[in-house]
Each structure stands twice: as structure tokens, then as C-alpha cells.
Amino acid sequence: MRPTQRLKIISQVLPAVLIFGILPATLAQKHVKQKLPKEGISDLPAIIWRDPGNISALNLVYGAGGGGHAPDPNGRYIFENEDMNWTSPKFYVKDSNGVRWQIKLGAEPESETAATRLVWAAGYFVDEDYYLAEVKVEGLPELRRGQRFVTNGDLVRGARLKRRDKKIKKIAHWDWFKNPFGGTRELNGLRVMMALVNNWDLKGVNNWVYSVDGEQRYVVSDLGATFGKTGNNISRSKSDPEGYMKTKFIDKVTDDEIDFEMRSRPFFPTVVNVPNYKQRTKMQEITKNIPRADARWLGHLLGQLTEQQIRDCFQTAGYTPEEVNGYASEVQKRIAELNAL
């Protein structure tokens, strides 16, 4: 790109960046207030990882929920309400079996579907996410967000369906820097996992503690900002195969620790929104100073995946054959880098 072209693009984009960087978060988008833990929940055992067993035998077409919980592509779905929280278009539906689903549209359905499968394969807890190229929704009104993904009034294209299990209760958000697992191999492995999938949106509000089956499960519940390029407001991307493959994975290696590439600091002029600037700058520390042994441990787990399993993650997420090839190759390359440490 020529310097004159770069300056032209910056001059066109900068006003919008400044506006959204300066506006308080409550004006830029509707946010969810953080929920506080309920009384008595802290007595439950807290877990962040569980031995996945024979990883090479896991079904990554269906992921954590398996085929038994998968949504019926030809099933009946009835619109309930639109979800205006955060940036991606979302709404809730209920199927003929009474199961409630959150449908997400936009730039994240494919990347989130693929990411949940890889994270789950390593032994971490994830939501039950599925991708449908199209789904019919009865009673669908004109959406305030995402209407461009609707055809003929009821046919929704490119949908990620997140299953809502009544047994699972959301307790509270959890923080990368303050949690019961500091310094453990399991938390460090999850930090590496976020770098492997290029998750640049590591806000605490994207993490939930679930109360289920007598446990407190620590979950990264929003994995949509993945498989693209990390960076600032202008340069980062989601579900961007070319950007993902061009991104550096390991940034720095010492005898004892590894720094993984993670860029999330906002474009400098937006420093006027100090809380956002500080929060996103601190996110970069999440993938830094990882013990080599813990990074190798995660590499050993992921190294048990077959090439077909890795391809399944992206095929089931709706990517094209060319994109599947590119993503699978890059993920295998990153796993090899971990195992070579």
C-alpha cells in the first residue's frame, strides 16, 4: 500500500475511531452489568480443566455437546427476543423440544464454532456451539441488528447456535489476573490456547463461572474474536484466514518462559478513553511470561489431535475448502512450535 493511500484510509477511519474511542462504553454499545457471586456458591469446588481422555477419539464435528445436542437444520424454531448486548447481532429462539438457543450473526459464527472445538479438545470447558448455514425462524420480526442476514423474512443465514442448558447457572464473571488458578499449569495452558486461536478480546466479561453438577466451572464463554489478526481498533480482525496465517505466534523465548504474540492496545488517539485503553493494553500481558513446561504441556495435548480432527473444526464451522486447508495447516504449525519448545 502506498503512503498516500495509507494516509487517505487513516483520514477516513480516524473520525469514527475517535468517536467510539471517546464515547463511554454505555453509549458505544449496551453492556451487561457484572453479576456478583451468589451466597454459598464459593463452597463448590472450582475447576478450569478436566482430563479430556483419548483426545484422538474426540468428535470435533459436534464438539462439547455431541451429536445428541446438535440443532436440527430442518427443525422448527420460534423467535423469542432480540439480544442487544455487545457488538454482534443476536437473538433467542426456542425449538420444538423446548430447548432455548442464542443465535449469533455477523463476523463471529464461524470462528467461534471452530474455536470452541479446539479449546474443548484440550480439556477446557466451553459452551455448546453449532453452526448452521441457514435456519428458518418463525415469527421473526425485522431485526434492529443483523437484518442483512435474513432472506424472505424468516431464513437466517450464517448462524451460530449456542445451546442454553437449564441446569447451568451463571454465577459471575472471572478475571484472568484474579482467580483461584493463578500459577497453575491449567490456567497457563488456557492462556496459551488464547494465543493459539488469536483471541484478542480477552475482557473479563467474556469469562463466566458456571454452577453445574456441584461444581464451579471457569469458562471463556465468548470465543468469537478469534482466527483473525490481533491488533488495535483498525488492524485487528475476526474469522480472517489470511490475517491469522500471517500473524506471528511465539514472540519471545527465554530459558524458562515464553511470550506469545498478542496485540490488543487501542489506536493511540483513543487513549482519551482511559479505562478502555488501560484494559486492552493489560490484555497483552495475558499471553506473556508463560512457563515453557506449561506451554509444552498444552502442545502435548493438542499434538494428539489428528489432521482430520483439526479440519473438522473448520469444516463444521462453515469455512470453504480453501479456508479449511489454510486454517488446519496453521494450527498444526503452531502445535508443532509448542512441542518444539
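FYI, it's all coordinate maths here, none of it is from the lab. For clarity, every value in this text was computed on a predicted model and none was experimentally measured. Note that each Cβ is placed from the backbone with ideal geometry, even for glycine, and that neighbours are counted across all protein chains shown.
Results, tabulated for the structure shown:
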item	result
Label-point gap, in nm, between Asp251 and Asp72 - each point 7 angstrom along Cα→Cβ	4.9 nm
Relative contact order of the stretch 49-138, pairs being alpha-carbon contacts under 8 Å that are 6 or more residues apart, as %	36 percent
Sparsely packed trypsin sites (Lys or Arg not before Pro) within the stretch 83-167, loop by DSSP, other Cβ within 10 Å at most 15	Arg144, Lys166, Lys167
Value of Rg to Rh for the stretch 97-234 (Rh from inverse mean 1/r over Cα pairs, i.e. Kirkwood)	1.00
Alpha carbon convex hull of the stretch 183-271, volume per residue in cubic angstrom	126 Å³
Over 19 Å between alpha carbons, listed pairs Lys170/Lys203; Lys136/Lys162; Lys104/Lys248; Lys90/Lys238	Lys104/Lys248
Förster radius 22 Å - calculated FRET efficiency between Asp213 and Ser96 (Cβ-Cβ, nearest 0.05)	0.25
